[in-house]
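Trainee: First the structure, then my questions, so here it is.
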Amino acid sequence: MAIEPRLFRSAEWFGQNDKESFIHRGWMRNQGLPTHVFDGRPVIGICNTWSELTPCNAHLRTLADHVKRGVWEAGGLPVEFPVMSTGESTLRPTAMLFRNLVSMDVEESIRANPIDGVILLCGCDKTTVSLVMGAASCNLPTIVVSGGPMLNGKYKSKDIGSGTDVWRLSEELKAGTLTQPEFNEAEACMSRSAGSCMTMGTASTMASMVEALGIALPQNAAIPAVDARRAVLAHMAGRRIVEMVREDLTLSKVLTIEAFENAIRVNGAIGGSTNAVIHLIAIAGRIEVPLTLSDWDRLGNDIPTIVDLMPSGRFLMEDFYYAGGLPAVMRILDSRGLLHSTALTVTGASIGESVKDAPVWNQEVIRPFETPLIEHGGIAVLRGNLAPDGAVLKPSAASPSLMQHRGRAVVFRDIEDYRRRINDPDLDVDENSVLVLQNCGPKGYPGMPEVGNMGLPRKLLERGVRDMVRVSDARMSGTAYGTVVLHVCPEAAAGGPLALVREGDFIDLNVPARRLHLDVSDEELSSRKAQWRPPEPVASSGYQFMYVQHVMQASEGADLDFLIGCRGTKVTREAH
Ligand code: FES
């Protein structure tokens, strides 16, 4: 149903002829805005995470200009505004610590301003999630425009992928099979254009997730950042958001449980990041959709990974776009009845209609459903006395030989302890050991850094060992790989059983049975728990202090408890 222009939200600021509107319109005019743009047209906020400290998003000012063209063309008034930008490669201690903080910035910026619809400009991992979380708590018409991936890295005439090849090359350097000058040369060859990581890491996963959720235009995930078609997509999003305001197509009409279930299945098909588990649960919490950790296993377990991209496979995002991109993947899933076809998207069409003719141009990159890269993709949710509230593992990035494994724990009480001892020649460890890292969860670090894929001990690397079972309450970069059990809940710093593991305990990992078991009696665990003391707090004031008081566990999305829910756009008090 179309809305009358005078009923747009922005009219509360710009639509009167009194002192308040004099102030609201008058100060905006210093930007050269003429009288007629205050005629009741939709005002479109362009929420921008541009920053030179977020290299993956450094081109977003230019992309915003293309959005503006589309907004003007459709008869809207574009207004670009900045929010805090979280650059994964630079922010310390970890960008995840600030995801929820940025979501508050976004939510309050939208609500407090005369905005009728929003374009979210994002790219690097958390920038996408924070912006969608904040926008979901407001529930205006919203479209996500991702910045797009970098072009393929090129080194010695071969493709190299963001992150994935950093982990591989640094292990080679440690093992002595790569020289320091070669390592430095690879650094200069990896990030050679604007854009985000071009592997199927967290940025590409989340760009795919927003497309699968229906809150981005088709092909949002994969068009390279520097391809002119990315600018066209931004332009078309600008046009479309103006129509969405007129149609009153708000975010909650698109972000339904069916949309989230589609996204989980797509994540399995693309071999997406484990981080998507936490992030989608957090977004669902903001829009009040009941999504749980168990849904990931229920829906993703039977999904084959058909996209052959690093870190699970061989290719990169540029290849993915040329092969057909996400619409082709969704068409394949839909043709097998694995999607809710009728789920609405921001285009106004259903997801089924949007992808029904999407072609595959390269079956090496997007493989047939019958001959997938990995038969059971998705995310395995593990439970047991070591993770009563769950833990996750990405089978497509793990070694098949380690999917059922029993090994002796080598325990690191925190990341500093790990860094101090991992390369000690006297460390009592072999390839059958299970590396255990404690106190790196949401409260413990704090902020749950991407350290779960702990590098292996140098002495084992030198002997050719390339994978071991690792268990922690941390996260793992979406570009990383290995047989890595992550997000163990409850975390060690909250007194979870992970805190009670001691050197030499045996741990059983059984991925097919979804089991993670610490082979220690209940009596012994109770006695250890009685002696357990929480780690010293890292901060006694400021944001980090508040974060630790309020952050929820990974299985619940690691949002701050007081941010859950959709608070809408009503301003609590009018100005006078
Ligand atoms: Fe920004 Fe990977 S570091 S997307």
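The values are calculated or read from the model by the stated rules, or taken from the named source; none is laboratory data. None of the values given here were measured: they were computed from a predicted structure. For neighbour counting, all protein chains shown are included, and Cβ atoms are generated from backbone atoms with ideal geometry for every residue, glycine included. Heavy atoms of the whole protein, side chains included, go into the accessibility calculation; ligands, DNA and RNA do not. Shrake-Rupley method; radii C 1.70, N 1.55, O 1.52, S 1.80 Å.
Trainee: Less than 25 Å apart at the alpha-carbon level, and either on another chain or at least 8 residues along: which lysines does that give for K529?
Mentor: The qualifying lysines are K443.
Trainee: Where does helix 180-190 land angle-wise versus the long Cα axis of the chain, in degrees 0 to 90, nearest 10?
Mentor: The helix 180-190 is inclined about 30 degrees to the chain.
Trainee: Rg and Dmax of the stretch 141-297 over Cα atoms: what are they, in angstrom?
Mentor: Taking only Cα atoms of the stretch 141-297, I get Rg and Dmax of 18.5, 62 Å.
Trainee: Now for a different question. Calculate for the chain the 222 nm mean residue ellipticity that helices alone would give, adding -39,500 (n - 2.57) per DSSP H run of length 4 or more and normalising by residue count, nearest 500 deg cm²/dmol.
Mentor: Numbers: 20 runs with 201 residues, N = 576.
Result for the chain, helices only: -10500 deg cm²/dmol.
Trainee: Right, something else. Would you mind computing Rg(Cα) / (2.2 N^0.38 Å) for the stretch 284-426, counting N as its residues?
Mentor: Compactness ratio reported: 1.34.
Trainee: I want to verify the translational diffusion coefficient of the stretch 489-576 in µm²/s; compute it with Stokes-Einstein, Rh as the Kirkwood radius over Cα pairs, at 10 °C and 1.306 mPa s.
Mentor: In µm²/s, the coefficient rounds to 95.
Trainee: Could you sort the peptides 72-80, 494-502 by per-residue average Cβ neighbour count (10 Å cutoff), highest mean leading?
Mentor: 494-502, 72-80
Trainee: Same structure, new question: Can you give the Rg and Dmax of the stretch 385-440 based on its C-alpha atoms, in angstrom?
Mentor: 13.0, 36
Trainee: Give a residue-ordered list of calculated ³J(HN,Hα) values for the stretch 235-242 (Karplus: 6.51 cos²θ - 1.76 cosθ + 1.60, θ = phi - 60°; whole Hz; x for Gly, Pro).
Mentor: Running phi through 6.51 cos²θ - 1.76 cosθ + 1.60 with θ = phi - 60° gives 4, 5, 5, x, 5, 5, 5, 5 Hz.
Trainee: Then there's this: Between helix 522-531 and the chain, what is the angle of the helix's C-alpha long axis to the longest principal axis, kept within 0 to 90° and rounded to the nearest 10?
Mentor: Taking the Cα atoms of the chain, the angle to 522-531 is about 70 degrees.
Trainee: Could you state the accessible area per residue of the chain in Å², with a 1.4 Å probe and every protein chain left in place?
Mentor: Here the per-residue accessible area is 38 Å².
Trainee: Compute all pairwise cysteine Cβ distances in the chain, then list the cysteines with no distance under 4.7 Å to another cysteine.
Mentor: C47, C122, C138, C189, C197, C440, C489, C566 - these cysteines have no disulfide-compatible partner (Cβ-Cβ under 4.7 Å) in the chain.
Trainee: Measure nothing fancy, just the Cα-based angle from helix 164-175's long axis to the longest principal axis of the chain, in degrees from 0 to 90, nearest 10.
Mentor: The helix 164-175 is inclined about 30 degrees to the chain.
Trainee: Packing-wise, with mean Cβ within 10 Å as the measure, how do 84-92, 232-240, 120-128, 168-176 rank, highest first? Please report the intermediate quantities before stating the final value.
Mentor: Working: 84-92: 19.1, 232-240: 22.7, 120-128: 31.2, 168-176: 16.0.
Packing proxy ranking, top to bottom: 120-128, 232-240, 84-92, 168-176.
Trainee: Using only the Cα atoms, work out Rg/Rh for the stretch 437-480, with Rh taken as the Kirkwood radius, to two decimals.
Mentor: Details: Rg = 11.9 Å, Rh = 11.2 Å.
Rounded to two decimals, Rg over Rh is 1.06.
Trainee: For K156, go through the lysines and keep the ones whose alpha-carbon is under 22 Å away, minus same-chain ones fewer than eight residues off.
Mentor: Result set, ordered by chain and number: K174.
Trainee: While we're on this one: Largest first and to the nearest Å, give the Cα extent of the stretch 116-171 along each principal axis.
Mentor: The Cα atoms of the stretch 116-171 stretch 50, 21, 7 Å along the principal axes, largest first.
Trainee: Separate question: Using only the Cα atoms of the chain, what are the Rg and Dmax in Å?
Mentor: 23.9, 79
Trainee: Next up: Going 7 Å from the Cα of L427 along its beta-carbon direction, which residues of the stretch 161-182 have the amide nitrogen within less than 16 Å of the resulting point?
Mentor: Within reach of a label on L427, which here means backbone N under 16 Å from a point 7 Å along Cα→Cβ, the stretch 161-182 contributes 170-176.
Trainee: Please give me, ordered by residue number, the chymotrypsin sites (Phe, Trp or Tyr not before Pro) of the stretch 320-363 that lie in loop per DSSP and have at most 16 other Cβ atoms within 10 Å.
Mentor: Here the chymotrypsin sites (Phe, Trp or Tyr not before Pro) that fit, given the DSSP loop and packing criteria, are W361.
Trainee: Still on this structure: Taking a cut-off of 23 Å between Cα atoms, list the lysines near K356, but don't count ones fewer than 8 places away on the same chain.
Mentor: K253
Trainee: Tell me the GluC sites (Glu not before Pro) within the stretch 269-371 that lie in a loop according to DSSP and have at most 15 other beta-carbon atoms within 10 Å. Don't jump to the answer; show the numbers that get you there.
Mentor: Values: sites: E288, E318, E353, E364, E370; in loops: E288, E364, E370.
When the GluC sites (Glu not before Pro) of the stretch 269-371 are filtered for loop state and at most 15 Cβ neighbours within 10 Å, E288, E364, E370 remain.
Trainee: By average Cβ neighbour count within 10 Å, what is the ranking of 291-302, 526-537 from highest down?
Mentor: Working: 291-302: 18.4, 526-537: 10.7.
Going by the mean number of other Cβ atoms within 10 Å, highest first, we get 291-302, 526-537.
Trainee: A follow-up question, please. How large is the Kirkwood hydrodynamic radius of the stretch 209-293, counting all unique pairs of alpha carbons, in Å? Please list the in-between numbers first.
Mentor: Working: mean 1/r = 0.0711 Å⁻¹.
Roughly 14.1 Å, rounded to one decimal.
Trainee: Whole-Hz ³J(HN,Hα) for each residue in the stretch 461-478, computed from phi via Karplus 6.51 cos²θ - 1.76 cosθ + 1.60 with θ = phi - 60°, x for glycine and proline: what do you get?
Mentor: Couplings: 4, 5, 8, x, 6, 10, 8, 8, 6, 10, 9, 7, 9, 8, 9, 10, 4, x Hz.
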